[in-house]
Every structure is written in C-alpha cells, then in structure tokens.
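Novice: First the structure, then my questions, so here it is.
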Amino acid sequence: MSYQRLLFPIAPKQTVSTAFHQAFLFADKQKATVTLFTVIAELTEMKELSKYSVSTLNLLDHETNQCERQLEDYVTELKSQYPHITFETKVIVGIPFIEIIKEAASSNTDLIVIDAHRDNKETACKWGTTTRHLMRKSPTPIWAIRSLPDKKAEIKKVAASIDVTDAECAELNKRILQVGHDFAAINNAALYPCHAWRLESEGYLREWNRSTDLEIAVIAKQMRDDRTVRMEALTTPYESSETPIEITLLEGNAKRVLPDYINSHDIDLVIMGTVSRTGIAGFLMGNTSEYMLDKIQCSVLTLKPEEFESPVLKK
C-alpha cells in the first residue's frame, strides 16, 4: 500500500495538537505530501440572511481567509520540524465528512488522518461525529489519532485485529496484516496479529447435545488449533521479515478481550477492518469495531473491503 498522500482535516480554530505528530513523523519518514484541509460548515440560514443584510455576504469570505491564514501559519511552523514533508493547504465550504471523503477520492489520498482525541467540538472530531461518519462511509483508510499525554509520539507496537472465522474476510485480513506490517516496518516497531474467538455454541452443546466438560474442552482445543493454523498461514509471507511478529489468540467475547489486550499491552496503533452493512438507514460499521472505538486508548486505523462503495461518492 502507498502512503504518499495524506489528508489532515483541521477544523476551524482547531490547534494542531501533539496527537498529530505521530502521523507527521510517519509522513516525514515516507517523504509524503500532506494536505491540511479545513471544511467550513455550510449554514443554510446564511443564504437566507444574505437577502436582508449585505454584511452577511462578507462573513463567509472573512472566515475562509482566516482559515487559510491559520493553515499557512501551521505549515510555516511544521516545515522546520518535518523537512521531508511537502505541505499543501485547502479550505472549502460544505458538510465536513462529505467534503473530506470527496477530497480524498479526487486527490487519490492514501490515508485520512484525523484527531480523535478532543475535549470539545471546537478543537477536533469526537468519536461519534465526523470520525464515525468517515469510518462508516469513507473508502479511504482512516487513521484516527488518539495520543495519551504521557506517551511519546513514536509507534513501537502495532496490533492487527484479524477475523479468521470464515473465508469472507480473507482478502480484508490480508490487507489488515499488510498495512500492519508496513507500519511496523517503517517505524521499527513490533507487530501483534491478534484474533478473538470463543466456542459460541457451548450452551447448545451442553443443553441439547448433553456434551460433557471434557468433550467441550476437546472441541474448543480443536477450534483453537484450527484458528492458530489460519493465523500462521496469514503471516507466512512475512517469515523472512526483520519485523518482530507475535501471534496472539484471545479467548472470549471480542468486544471485551480485544480492548483489554490492546490497552494492557501498551499498543500504540491498532489496525482493524470495518464491514459496512445496508438494510438500516445509512451505513453501519461492524458492531465489534464500532463498539471497540470507545474502549481502545490508542490510535486506530480502519480499512474497508476493496469492493466497498461509499454512499457519498455514488452518482
């Protein structure tokens, strides 16, 4: 996967927090092009007000100019810290998540980097608003930065959340592992492919099949061994890699054991897939992925299946 073009949405009046520096370090190593991108939220009422007051016509221009100056000031400051990055800036008016998705598509952006650690709406994108919209509807991978105050910006541990339950996720699993390995290699970090599993039918086996504890334990071991073989097969292409790789199988509910593992092992970045569904208004991420966002304390990079079509980009 290429990492040569990164899009950094910056909300009006948002400061470039230390959280972003994790991604700037990465972009600098890649000698990438970084676009600082501000979307001024379009207010339908402004059009109506312009009928009654000439002064309102200048408000949007003033805000646009102010945002452009803000981005240029950031570029001036960042250039000295990250000399290998080519910086660009852009300010437009519209609905933030829609314009971000459109800009990423039109500019062939490889990654959208968004600050997901914020105290209020004026400073960045909270989980549940723009960040969730992007993760649900963007075909471009989303890197949601969440840097804790007591942690350095460097990425030293990368977790790749893999689902080897069935063949439907095979291609997405390969992409998740590839991106995880790329990030680990570029940052001289360790890679931790992990898979959560449990014997879902244990209750059925006990109640309806009258299976004994020993019989259930044997079935669970066979299932675990099978999942281990699948995980090892996925990592085979990276056997000669210098990147340390440690496969981990976690037994239990994925919504609980994956966040517990990630938070307790000081993971800096977790790569996971998001599988969108139709049938309900809008597009929804896979329940496990969306639930985990609020439980994980580190940065998250989400990937869509190659065949995903964004509702934003449909003509």
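Novice: Can you confirm whether the range 185-194 contains a residue that is small (Gly, Ala, Ser), part of a strand (DSSP E or B) and either at pLDDT below 70 or farther than 30 Å from residue 101 by Cβ (or both)?
Specialist: Taking the range 185-194 first, the residues small (Gly, Ala, Ser) are 185, 189-190.
From what is left, the residues that are part of a strand (DSSP E or B) are 190.
The next check asks that each one be either at pLDDT below 70 or farther than 30 Å from residue 101 by Cβ (or both); those that pass are 190.
Yes; the residues of the range 185-194 include at least one that is small (Gly, Ala, Ser), part of a strand (DSSP E or B) and either at pLDDT below 70 or farther than 30 Å from residue 101 by Cβ (or both).
Novice: Here's something else I'd like to know. Could you please find all residues in the range 172-191 being farther than 26 Å from residue 307 by Cα and either surrounded by fewer than 23 Cβ atoms within 10 Å (Cβ to Cβ) or under 14 Å from the mean Cα position of the chain (by Cα) (or both)?
Specialist: 185, 186, 187, 188, 189, 190
Novice: Just checking: which of the helices (runs of 4 or more DSSP H) contained wholly in the range 49-156 hold 1 or more residues that are surrounded by 13 or more Cβ atoms within 10 Å (Cβ to Cβ), more than 14 Å from the chain's Cα centre (by Cα) and at pLDDT 85 or above?
Specialist: Filter on the range 49-156 gives 56-81, 96-106.
Novice: May I pose another question? In this structure, is residue 43 modelled with pLDDT of 60 or more, surrounded by fewer than 19 Cβ atoms within 10 Å (Cβ to Cβ) and not small (Gly, Ala, Ser)?
Specialist: Answer is yes for this residue.
The values are calculated or read from the model by the stated rules, or taken from the named source; none is laboratory data. Quantities reported herein were computed from a predicted structural model and do not represent experimental measurements. Neighbour counts run over all protein chains shown; Cβ positions are idealised from the backbone, glycine included.
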